Structures are given as C-alpha cells and as structure tokens.
1. For Q252, only one of the following conditions fails: (1) closer than 28 Å to L106 by Cα; (2) part of a helix (DSSP H, G or I). What is its number?
2. Please verify whether the range 58-74 includes one or more residues that are in contact with a helix residue (DSSP H, G or I) (Cβ under 9 Å, 6 or more places away or on another chain), at pLDDT 50 or above, assigned to a loop (DSSP other than H, G, I, E, B) and under 16 Å from F110 (Cβ atoms).
3. Among the residues that make up the range 131-145, is at least one of them modelled with pLDDT of 75 or more, assigned to a helix (DSSP H, G or I) and crowded, with 16+ Cβ neighbours inside 10 Å?
4. If N153 passes every condition in (1) farther than 23 Å from Y264 by Cβ; (2) at pLDDT below 95; (3) surrounded by 18 or more Cβ atoms within 10 Å (Cβ to Cβ) but one, which one does it miss?
5. For the range 161-176, check the following and say yes or no: at least one residue is outside any helix (DSSP H, G or I) and either modelled with pLDDT of 95 or more or in contact with a strand residue (DSSP E or B) (Cβ under 9 Å, 6 or more places away or on another chain) (or both).
6. Please go through (1) buried (at least 19 other Cβ atoms within 10 Å of the Cβ); (2) not in a helix (DSSP H, G or I) for I295 and return the number of the only condition it doesn't satisfy.
7. Under the condition of being surrounded by fewer than 18 Cβ atoms within 10 Å (Cβ to Cβ) and not in a helix (DSSP H, G or I), which residue from the range 75-94 is modelled with the highest pLDDT?
8. Are any of the residues in the range 252-270 over 17 Å from L224 (Cβ atoms) and surrounded by 18 or more Cβ atoms within 10 Å (Cβ to Cβ)?
Amino acid sequence: MKKIIYHLLLVAILFVPASCSEDDQPNPDVSVVSIEEGEMSEFDKYLEHIFVEPYNLRLVYKWVDIESDMGYQLVPASYKNSVKMANLIKYVCLDAYAEVSPDDFLKKYFPKMITLIGSGAYRNNGTMLLGTAESGLKIALYKVNDLNLGNINTLYAYYFRTIFHEFSHILHQTIDYTTDFDRISGTNYVGEGWNSAWGRNQCYQAGFISNYSSKEPNEDFVELIAHYITNTPASWEAKLVLAEADGAEGRQKLNQKMEIIRTYMKEFWDIDIDALRDAIQSRVNNLQQVDLDNITIE
C-alpha cells in the first residue's frame with residue numbers, strides 16, 4: 001500500500017495526497033474495528049463510545065509497531081495528551097462536520113483509523129514528518145507530546161489541516177470536481193518544484209493558498225479547503241489582500257477557485273463550506289471552556 005507523507009522542510013508544511021477511489025470505500029454498516037482481547041480501560045471505553053460506535057473510527061494511542069513507521073526513532077504518545085487529542089479531534093473536527101453534514105456522511109467517508117505518535121519523525125536531511133496517510137483510510141499524527149493548546153496555529157498546522165486535507169482527498173476522489181478548476185491556474189503548477197518556486201507571499205499572488213498548493217490541481221483543491229475552514233473571515237481576507245499586491249491576479253484566482261469549491265461541496269455533499277468554517281471557528285474560540293481531559297461517558 002502506498003504511504004503518503006506529510007513533512008516539514010524548514011518552515012514549509014508538506015501535505016501529500018492519499019490514493020482513494022469510490023470502490024475503496026468501506027461499507028459503513030460493517031465495522032473495520034476489532035477490539036483486542038483483554039480488559040478495556042475507561043479511556044478505551046470512552047473511545048469506543050465517541051469514535052467507534054458513531055463513526056466506525058479507531059483512535060490508536062497505545063504503541064503498536066505495525067501501526068508506526070519503523071524507519072524512524074519514535075516514542076509513544078503520552079496518555080494525558082492522547083486524551084486531550086481524542087477530545088480535540090471529536091470537538092473541533094468531527095462535531096463540526098456533523099453539525100453541517102448529512103446523516104452518516106462521516107461514518108461513510110471519514111478515515112477509519114487515526115494513530116497518535118508522541119514524537120516527530122526526524123530525518124538526516126533536516127526534514128520532519130508531521131503525519132502520514134495511507135489510502136485515505138488511515139492517518140498518523142506526530143508530535144502529540146508537544147501538544148500546545150495555547151497556539152491554535154500550531155494545532156491547525158500539526159494536526160487539523162492534515163486531517164482536513166486528507167479527508168478532502170477522499171471526497172474529490174469519490175466525486176471529482178469540475179475541470180474548470182484546473183484551468184484557473186493552468187500552466188502555473190510547478191510540480192515537485194513547489195518548495196523552491198516562490199518567495200515571500202508570491203504563492204498568494206500567483207493564486208495559491210500555500211506553496212504546496214502549486215504542486216498540482218488536486219493538492220490545490222484540498223489545500224484550499226483545509227486552509228479556508230481553518231482561517232477566520234478576517235485572516236482569510238488578509239491573505240487575499242496579499243494576493244492582490246502590486247496588481248497581482250492572485251485574489252481573483254483564489255476567489256474563482258473558492259466559488260467552484262463552494263458549489264462542489266454544496267451540490268455533491270450538501271455541505272455549506274462557510275457554515276463548516278463557522279462551526280470550526282466557533283469551537284476553536286470556545287476551547288478554553290471545554291474539558292479536554294474528560295473521559296466520562298454521558
């Protein structure tokens with residue numbers, strides 16, 4: 001199975017696509033989760049209640065060699081941060097989507113496993129993995145032991161944009177978007193040269209929301225979704241202002257792409273992407289009021 005890798009090159013965050021097709025989608029009525037024999041902890045029971053039962057999703061926090069990349073020196077996620085991350089994923093991601101999406105949407109299309117790794121995976125060339133994804137069905141999140149609840153931008157960059165990006169790949173690989181999207185940037189895609197193609201703010205001015213968006217249309221599409229829903233209207237407008245600096249056409253291109261995405265999400269998935277953004281932002285603004293250490297089954 002092809003493994004997709006997210007890594008950090010200096011300050012650049014790399015999101016790489018999953019390979020997924022409609023035929024690959026599991027039957028939502030057949031569980032892919034098997035509970036190991038032995039006594040379940042209170043946290044295990046809580047995960048069963050908030051993830052397995054409603055979404056057929058398994059969160060792996062205990063160290064399982066086969067579920068980690070053996071090519072790196074890694075450490076397990078701490079129990080304390082695993083509890084916090086479980087509640088974060090439910091509150092910021094799953095609950096937000098559930099608020100605005102049709103019934104069983106998440107159970108049918110959301111990735112079926114999320115694995116938590118305590119450390120980052122460091123390479124000799126200075127790169128660091130932020131996450132991995134396999135076939136859109138399994139995501140690993142790294143640096144869980146460095147969880148910083150006081151920095152929402154870090155939460156987005158290390159964890160939630162990874163999840164939103166990967167989930168969006170599943171959607172467009174199930175029902176493709178119009179080729180009109182591809183033509184907006186046309187020959188401006190730079191392929192593997194994305195990391196060195198742009199200076200400061202130049203990707204915005206070229207009509208890309210991140211350097212990695214300029215790799216190819218599919219990455220452009222999912223990066224736009226992941227960034228749009230993790231920016232407030234004010235911070236998104238600030239990016240559009242940068243995109244039109246010096247008479248550049250970036251603002252126009254970004255708006256054209258977002259209109260296609262907005263129509264696509266509504267027409268094919270019955271999701272208002274602006275309502276989704278509002279749901280996510282509302283939860284982020286309310287995080288200090290949420291008990292992220294809770295494992296009580298209500």
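The values are calculated or read from the model by the stated rules, or taken from the named source; none is laboratory data. Everything quoted here is computed from the prediction, not taken from an experiment. When we count neighbours, we look across all protein chains shown, and the Cβ atoms used for this are built from the backbone with ideal geometry, even at glycine.
1. That leaves (1) as the condition not met.
2. no
3. yes
4. Result: N153 passes all but (3).
5. Yes, the range 161-176 has at least one match.
6. With (1) buried (at least 19 other Cβ atoms within 10 Å of the Cβ); (2) not in a helix (DSSP H, G or I) applied to I295, the lone miss is (1).
7. S78
8. Here is the first cut: in the range 252-270, the ones over 17 Å from L224 (Cβ atoms) are 270.
If we keep only those that are surrounded by 18 or more Cβ atoms within 10 Å (Cβ to Cβ) as well, we get none.
No.
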